[in-house]
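Accompanying notes for the structure given below.
The values are calculated or read from the model by the stated rules, or taken from the named source; none is laboratory data. All figures in this text were calculated on a predicted structure; none of them were measured in a lab. Don't worry about glycine lacking a Cβ; one is built from the backbone with ideal geometry, like all the others, and counts go over all protein chains shown. Heavy atoms of the whole protein, side chains included, go into the accessibility calculation; ligands, DNA and RNA do not. Shrake-Rupley method; radii C 1.70, N 1.55, O 1.52, S 1.80 Å.
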Amino acid sequence: MSELDLLYDSEEWAPTPGMPGTLARMASEFIVVGEAGLRECDGLGGAAGVAAALTALGAKAELVSVCGRAADRVPLRERLAERGAGATRLVVEESSWPSVTGVLSGMVRDADCVLVCDHSGTGLAAYARRLMTADRGHLPPLAVYTGEAAPWATLAPELMAVHGRRSGGGTATRFVWLHDEGMMLAAAHRHPYRTWARPPHGRRSGAAEESGVAALALGLVAGLPSTTSAELAQAAADATACLPDPLVCDTNLLTRWLSDRRSVFVPWQGIAPLVHGHERAGRRVVVASGVFDRLHHGEVDRLNRARRDGDVLVVAVCSDAMVRRAGGRSPIRHAAERASTLATLSCVDHVTIAEGEAGALLRL
C-alpha cells in the first residue's frame, strides 16, 4: 500500500521509525485569502486556482477574495461552483473590502488553516497580514503563497511557498521555493531538500504551481513529514502540468500518477545498456545502491544529493539473496517492495533490483 493510500484511507502511516505519524482523511477546512482571476488557457488562477485545487484534493475551501476585473466576477463564481469551492466573499472594488474583511476575523478562527495568496500586493492581503499579526497566537496554522517573503517573515508562518527568485523568509517552519524544474524545501535542522519536476511545467506552470501549493498546505495540516509533503506536492504539480485545459489534479489522478511512477523500474539485465545510452547522449549518470529496507530521511537526502551531482540517477536495490549473503538475515521487506517505494521519489530516474554478487554494481 502506498503512502497516498494510507493518507486517504485513515490508516496508520508509519513506513519507518524515522517518519512516524497517524493521518486522517484530508477533509480539512481552509480559508483562502487573496486576489482571484481567470486564465485564458487553464481557467481559474490566483487564490481561486488554489481554492479549486484544495477542493479537488479533498479539502473544504472557502474563498475570501478580490477580483481583478468586474467582468470576471460572474464567470469566477460559476467556475468555483463547478469545482465545489465556496466563494464566501468575492468582491471587485477596493471600496468593498471593509465588508469582506469585517467577517474575515470570525472565519479564520474556525478553519484548520489560513492560506494567503499574495502576488500583487492587494489591500486585502495587507489587511489579512495586519489582522493575523494582531491575533497570531489564537489563529490556526498559516500558509503563505507569495512572490516576496519579506513582508510575511515577522508572522513566522508554518508554511511559506515562494515562486520566482529566492528571497528571505527563513522564519517559516517550512520554506519552499517553487520553479518549473521542481521545489526546494528548507526546514529547521535539516539539509535543503530538492524535488524534481517531471516534466518541466512550461505553459501550465501557474496551474501546476497552485496544485503543488494546495498539496503542501494539506500536508502541513495532516502532519506529514516535510519531505513527504514536498514529494506529494511535486506529484500533484506534475500531474496538473500534463492535464488538458482547464482541469486540476484530484485525488484519483494523484493516486494514478504515483502508481505510474513505478514505470521507472528497469530489470537488472537492462540497466547497463540504459546507462550506456544515457552516457552516449551526453548525460552524466549517477548510480546509488543499498538495501533501503527502512527508508529514512538520511537516505532520501543522500539520494537527492546524488541526483544533484548528475543528470540521471539510477538506484540499485540489493536483492533479498544479496542481503542474506552479506548479513546472514533476510530483509524486512522484499526487494520489489523496496524498489517500489524508491520509484515514487521524484529524484529517482530509474530503479532496479541488483542480482548476483555485489561487485556487479561496480560494473555499471
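Things worth noting here:
- Rough spin-label spacing in nm, given labels placed 7 Å along Cα→Cβ, for residue 191 and residue 130: 4.5 nm
- FRET efficiency, residue 321 to residue 296 (Cβ-Cβ, R0 30 Å, nearest 0.05): 0.80
- Theoretical FRET efficiency, 1/(1+(r/R0)^6), r = Cβ-Cβ of residue 78 and residue 309, R0 41 Å, to 0.05: 0.25
- Charged-residue dipole, Cβ positions (Lys, Arg, Asp, Glu), the range 224-286 about Cα centre, Debye nearest 20: 340 debye
- Relative contact order for the range 191-324, counting Cα pairs under 8 Å that sit 6 or more residues apart, in percent: 21 percent
- Percent carbon-and-sulfur accessible area, the range 103-157, ignoring ligands, DNA and RNA, probe 1.4 Å: 54 percent
- Under 12 Å, Cβ to Cβ, from residue 253 - net charge with Lys/Arg +1 and Asp/Glu -1: -2
- Trypsin sites (Lys or Arg not before Pro) within the range 217-312, DSSP loop, no more than 14 other Cβ atoms inside 10 Å: 283, 284
- Chain lengthening between residue 272 and residue 39 when straightened (0.36 nm per residue, less Cα-Cα): 79.3 nm
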